[in-house]
Amino acid sequence: MMEQKIARLRELNAVAELERRCWDEEYPEEYDEPRLELGDPVELSKDYPGGLASLYASVGDASFGDVGFLREPDFDSAKAVDSLGEPIDDHPRLQIGNVGAEDAILLDLTSGSVMVYYSLYFKYRWDSGVMLECTDVPEFVDTVALGPRYREIRGPLSRTKEWWAEDPWYVYLQEIGMA
């Protein structure tokens, strides 16, 4: 499904459409950066779990709204910790992207699962720094970056404002039937 959605974005010339919207006065100033970047296919140098290679073979280090994937040389080991600074588990993880400036996209190197993790979650009295988790990269891209779960990237829906209602990327996903 991930590849089909990416192909559809290319067919719709979505990059140009989102660029046009970023400079449109109907959206707040915070959305004046590109909301969609589809790079050239890239072959990764290592065999990562979770279908990561399939994403990069389609779009390289792409950005989908506030969800941005890093170039492979920028991948870095990472730990998800609790409010006391203790690791939430013993799984080795790799940061493969970011959500905005504060949240990390972490790939579990054992299971291949992907999570959005916010290390300062306790600041808002949230139960966990894990904003959402998917079984693998294709599911993450399909349901989060290009789907209805995009709304969950900034925290629990019950405890955050409806910021996505004015996000040009999410609005576009709704218009084309992906969210």
>> Could you check segment 63-80 and list, in sequence order, the residues that are assigned to a strand (DSSP E or B) and open to solvent by 40 Å² or more (accessible area, probe 1.4 Å)?
In response: Asp76, Ser77
> Looking at Ser119, Ser111, which one is touching a residue at least 40 places away in the same chain (Cβ under 8 Å), surrounded by fewer than 18 Cβ atoms within 10 Å (Cβ to Cβ) and of a type outside the set (Val, Ile, Thr)?
Replying inline: Ser111
>> Can you find, within segment 154-164, the residue that is nearest to Cys22 (Cα to Cα) among those that are open to solvent by 70 Å² or more (accessible area, probe 1.4 Å) and not in a loop (DSSP other than H, G, I, E, B)?
In response: Arg154
>> Being touching a residue at least 12 places away in the same chain (Cβ under 8 Å), touching an Asp or Glu at 6+ places or on another chain (Cβ under 8 Å), farther than 21 Å from Asp136 by Cα and surrounded by fewer than 17 Cβ atoms within 10 Å (Cβ to Cβ): is that true of Pro92 here?
In response: no
> Do you know which residues across segment 148-170 are over 22 Å from Phe122 (Cα atoms) and either in contact (Cβ under 8 Å) with a residue 60 or more places away in the chain or in contact with a Phe, Trp or Tyr (Cβ under 7 Å, 6 or more places away or on another chain) (or both)?
Replying inline: Trp164, Glu166, Asp167, Pro168, Trp169, Tyr170
> How many of the residues making up segment 100-121 are at pLDDT below 95 and either under 16 Å from Tyr150 (Cα atoms) or in a loop (DSSP other than H, G, I, E, B) (or both)?
Replying inline: 7
> When segment 31-62 is examined, which residues are found to be assigned to a loop (DSSP other than H, G, I, E, B), surrounded by 14 or more Cβ atoms within 10 Å (Cβ to Cβ) and of a type in the set (Asp, Glu)?
Replying inline: Asp61
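The values are calculated or read from the model by the stated rules, or taken from the named source; none is laboratory data. Predicted, not measured: the structure shown is a model, and the values here were computed from it. All Cβ positions, even for glycine, are placed from backbone atoms using ideal geometry, and neighbour counts span all protein chains on display. Just the protein is used for accessible areas: all its heavy atoms, side chains included, with ligands, DNA and RNA removed. Shrake-Rupley method; radii C 1.70, N 1.55, O 1.52, S 1.80 Å.
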